[in-house]
Amino acid sequence: MTLRPFLLALAISAALAGCNRAAPDAAPQAPAAAAAPQAAEGKAAQLNALYAEYWEAYLKLNPVQATFQGDHRYDDQLPDFGSKAFREEQHEFTTQWLERVKAIGSDGLQGQDLLSYEIFVRNGEMALTAEMFPGWMLPVNQMGSIASYAVMLGSGTSAQPFKTVKDYDNWLARGRRLPVLIDTEIANMREGIAAGVVQPRVVMEKVLPQLDAIITAKPEDSQFWGPIANLPADFSAEDKARLTEAYRGMIADAVMPALKKERDFIANEYLAKTRDTVGLAALPDGEAWYTFNARTTTTTDKTPAEIHQIGLDEVARIHGEIRKVMTEVKFEGSLQDFFKFMQTDKRFQFKSEDALLAHYRSLEAKIEANVPKLFSLTPKAGFEIRPTEAFRAKSAAGGEYQSPSEDGSRPGVFYVNTYDLPTRKTWDAEDLFLHEAIPGHHFQLALQQELTDLPAFRRFGGETAFIEGWGLYSEGLGKDLGVYTDPYSYFGRLQGELWRAVRLVVDTGLHSKGWTRQQVLDYMFANSSVSEPDAVAEAERYIAWPGQALAYKIGELKIKELRARAEEKLGDKFDIREFHAEVLKDGSVPLDVLEQKIDRWIASKQG
């Protein structure tokens, strides 16, 4: 999965270029026809200028987004994102920019220009529709909150830079703002209590130990002390002394009291008002809310019921593939017996955290050597592997990816979860690496940022179904990339695919069919080889993020469908490297747009 909140075919670009070349010859006979592409070019230029202006305004409104993409002009700013005033400002911002773009219109646009227009309008309209649902009343869960993101930024290990004295002063300004944002979170949760829009109890019970891990009696013991513990040697003695005292005061007098206040509110007031139900449908207008979430995350019109059935069908199919592995390794017993064997046999355990990390790092060279067989288009940015931070590891996924900064100062990061080491299996490493790093999220997201000819909102935005669908599709490329060389590691690939199919069943079960948390866990244990810590963390992730988990399998199935279509229609003309380049070369897009793009590419290859 990715830690951080686009297209048309090559044939279209080529055709447009051809029309432009032909225009001078056509002009004497048909001056009106010549005027049309010229007008379209002028409109496209006008829109691109508007998109650039929009993005500058967007970053100013959302300075943390700027920080994460490597733009450090606003590193000292931290708006009160949850406040009513900010939500109103955001609404006006979206409405005004939509009106400006729609006023120019799409008539005559082609290729990337038409695509950019359609995506911009679609995203803006979806953002306005989302305002119907009071997500702001649910600002805290175990997957994210102001506190958890503040630690990521303020510990000195993430996107917030700590290289210069100004960098340190920037975080001082942001850190001192944290009490305001936390007060707003508390106020919003109180409004949620009054409106009957509250989190499930099981979610909030996981937040308390996270806060306890962040709150410390002494600033020096805090994770926010990291930048002071690692002050650059070239800072003057005066600056070191000043910053040390300033950070001590910020942590002791601002950050820790705010975190304690939120912790006490959740423990003493909010928990008593949480709900025993876990599905979104239990909330006011919850069924419509979940249907909207499903439409947003999959970029399709599939209903929760349709998605549920797709999940059941995929689970049955993949079970059949796993039974083939059982036959290959001469395993005697049921599918559930095999799952238990894969989870409990000690041959599949890492001896230490260092051994686990070393194994993941060894995969990089092995896979990189085979990349040219499948890819002609690869990113310039590098990536590195880090263990998931201890304070959030218990509730975090097994692996996560964070995109590199735009300026190249920070590489992409593949976070590997080493919590509860015996549950992290050797057979799970290869598919996880392929998904999160190469050729999964790192290839797709880093390449997208490097598409400097695209508007910035496309380079730094994205569709979850495309992004996660590509990650899951990438897991299926393992044999061609030199991994899955034994049946047990190939089982890891099948288990990874099965897990995403299970998600379709249980996410829709939770939020549209009234399933309980225990029903979800029982289904997981009966149908997949999942450890108890992973099952619990994943079930509670789906509870906290309704619909997000639907994107993976729906996106993967679409990419696989399009590849099969291209192979069938092109025959000997099919080149897997060209297909992958075509999928990736224009960034993330809605799945229907991806289909149009690939169909036009196929047509261009047949001609």
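Hey, how much of the P(r) for the stretch 217-259 falls beyond 12 Å, as a percent of Cα pairs? Please report the intermediate quantities before stating the final value.
On the way: 514 of 903 pairs.
Summing the P(r) tail past 12 Å for the stretch 217-259 gives 57 percent.
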*Packing-based order for 575-585, 345-355, 463-473, using average beta carbon neighbours within 10 Å, highest first*: 463-473, 575-585, 345-355
*Between LYS261 and ALA173, what length comes free when the chain is fully extended (0.36 nm per residue of separation minus the Cα-Cα distance, one decimal in nm)?*
29.6 nm
*Distant-in-sequence amide H partners of TYR415 (H built 1.01 Å from N, under 5 Å)*: ARG386, GLU400, TYR401, GLN402
_Can you work out the Karplus-derived ³J(HN,Hα) for every residue in the stretch 75-80? Use 6.51 cos²θ - 1.76 cosθ + 1.60 with θ = phi - 60°, whole Hz, and x for glycine or proline._
5, 9, 9, 8, x, 7
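Contour minus end-to-end for ALA252 and ALA603, with contour as 0.36 nm per residue of separation and end-to-end as the Cα-Cα distance?
Answer, rounded to one decimal: 119.9 nm.
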*So which of LYS302/LYS373; LYS340/LYS394; LYS166/LYS218 end up more than 27 Å apart, counting from Cα to Cα?*
LYS302/LYS373
*Would you kindly calculate the translational diffusion coefficient of the stretch 185-338, applying Stokes-Einstein with the Kirkwood radius from alpha carbon pairs, for 25 °C and a viscosity of 0.890 mPa s, and quote it in µm² s⁻¹ without decimals?*
117
*Tell me, what is the FRET efficiency for LYS366 and GLU118 to the nearest 0.05, using R0 = 45 angstrom and their Cβ-Cβ distance as r?*
0.65
*What ³J(HN,Hα) values, in whole Hz, does the Karplus curve 6.51 cos²θ - 1.76 cosθ + 1.60 give for the stretch 300-306 when θ = phi - 60°, with x put for Gly and Pro?*
10, 9, 5, 7, x, 5, 5
*Evaluate the distance, in nm, between pseudo-label points positioned 7 Å from the Cα of LEU377 and of ALA233 along their respective Cα→Cβ axes.*
4.4
*Most to least packed among 504-514, 194-204, 265-275 [average Cβ atoms within 10 Å]*: 504-514, 194-204, 265-275
*aspartates and glutamates within cross-link reach of LYS573: Cα-Cα under 15 Å, excluding same-chain residues under 8 positions apart?*
GLU582, ASP599
*asked:* Quick check: net charge around PHE350, other residues with Cβ under 12 Å of its Cβ, Lys/Arg +1 and Asp/Glu -1?
replied: +1
*asked:* I need the peptides 448-456, 111-119 ranked by packing, meaning the mean over residues of other C-beta atoms within 10 angstrom, with the highest value on top.
replied: 111-119, 448-456
*Sequence-distant or interchain residues sharing an amide H contact under 5 Å with VAL278, placed H: which?*
none
*Which net charge results for the neighbourhood of GLY175, defined as the other residues with beta-carbon distances under 11 angstrom from its beta-carbon, given Lys and Arg at +1 and Asp and Glu at -1?*
0
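Give me the net charge of LEU59's neighbourhood, meaning all other residues with Cβ under 12 Å from the Cβ of LEU59; Lys, Arg count +1, Asp, Glu -1. Show your work: numbers first, answer last.
Numbers: positive: LYS60, ARG73; negative: GLU53, GLU56, ASP71, ASP75, GLU406.
Its environment carries a net charge of -3.
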*asked:* Can you compute the charge dipole magnitude of the chain about its Cα centre, using +1 on each Lys and Arg Cβ and -1 on each Asp and Glu Cβ, nothing else charged? Give it in debye, rounded to the nearest 20.
replied: 500
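Multiply the residue gap between GLU532 and ASP407 by 0.36 nm, knock off their C-alpha separation, and tell me the result in nm, one decimal place. Kindly include the intermediate steps, with their values, before the conclusion.
Details: separation 125, 0.36 × 125 = 45.00 nm, distance 4.06 nm.
Extra length available between GLU532 and ASP407 comes to 40.9 nm.
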*Where in the stretch 519-558 does the label zone of ALA282 land, with the point 7 angstrom along Cα→C-beta and an amide N cut-off under 15 Å?*
519-521, 540-546
*Scan the stretch 375-432 for trypsin sites (Lys or Arg not before Pro) in coil per DSSP, keeping those whose Cβ has at most 11 other Cβ atoms within 10 Å, and list them by number.*
LYS380
*Pull up all non-local amide H partners of SER376: gap of 5 or more, or a different chain, and H-to-H distance under 5 Å with H placed in the peptide plane.*
ALA581
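Assuming R0 = 22 Å, what is the FRET efficiency of ALA241 and GLU220, from their Cβ-Cβ distance, to the nearest 0.05? The partial results should precede the final answer.
Numbers: r = 15 Å, r/R0 = 0.69.
Computed FRET efficiency for ALA241 and GLU220 comes out at 0.90.
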*Note, ³J(HN,Hα) from phi for the stretch 152-163, Karplus 6.51, -1.76, 1.60, rounded to Hz, x at Gly and Pro*: 4, 6, x, 7, x, 10, 10, 6, 5, x, 9, 10
*asked:* How many angstrom lie between the Cα centre of the stretch 76-135 and the Cα centre of the stretch 339-411?
replied: 35
*R0 = 25 Å: FRET efficiency of GLU568 with THR485, Cβ-based, nearest 0.05?*
0.30
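Bear in mind these aren't lab numbers, they're just calculated from the coordinates by the rules spelled out. The shown structure was predicted, so the numbers you read here are calculated from the model rather than taken from an experiment. All Cβ positions, even for glycine, are placed from backbone atoms using ideal geometry, and neighbour counts span all protein chains on display.
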